[in-house]
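The values are calculated or read from the model by the stated rules, or taken from the named source; none is laboratory data. Since the model is a prediction, treat every value here as computed from it, not as a measurement. Cβ placement follows ideal geometry from the backbone for every residue including glycine, while neighbour counts extend to all protein chains displayed.
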Amino acid sequence: MTPLQEKLADLADQIGQIGIYSAALTFAALVLHLLWDTFQGKHHMFSMEFLDDLVEYFIIAVSIVVIAVP
């Protein structure tokens, strides 16, 4: 590998790690917000609306990883 290819590979790895961390933090924040709304009485635990929101948040996290990982 050339020096440029090595640097690009390192940069791609760093971007991938940042993307995974960002996705995990985003998912955690969204789930915490959903749980907060549940305890406030806006959602019922294990209702279809709750599960739909949970799946939507997972899809958002996966989308962030797919976009960030080269």
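The figures follow:
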| quantity | calculated |
| --- | --- |
| Flag for Tyr57 being closer than 30 Å to Leu8 by Cα and within 15 Å of the chain's Cα centre (by Cα) | no |
| Residue count for the stretch 21-63, restricted to those that are at pLDDT below 95 and β-branched (Val, Ile, Thr) | 1 |
| Complete set of residues in the stretch 36-54 that are among the aliphatic types (A, V, I, L, M) and under 21 Å from Thr26 (Cβ atoms) | Leu51, Leu54 |
| Pick from the stretch 30-41, criterion within 18 Å of the chain's Cα centre (by Cα) and surrounded by 12 or more Cβ atoms within 10 Å (Cβ to Cβ), ranking: nearest to Ser63 (Cα to Cα) | Leu30 |
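Quick grid of which residues meet (1) free of Cβ contacts under 8 Å to residues at least 24 places away in the same chain; (2) part of a helix (DSSP H, G or I); (3) surrounded by 12 or more Cβ atoms within 10 Å (Cβ to Cβ):
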residue: Glu6; (1), (2), (3): yes, yes, no
residue: Ser22; (1), (2), (3): no, yes, yes
residue: Ala28; (1), (2), (3): yes, yes, yes
residue: His43; (1), (2), (3): yes, no, yes
residue: Val55; (1), (2), (3): yes, yes, no
residue: Ile60; (1), (2), (3): no, yes, yes
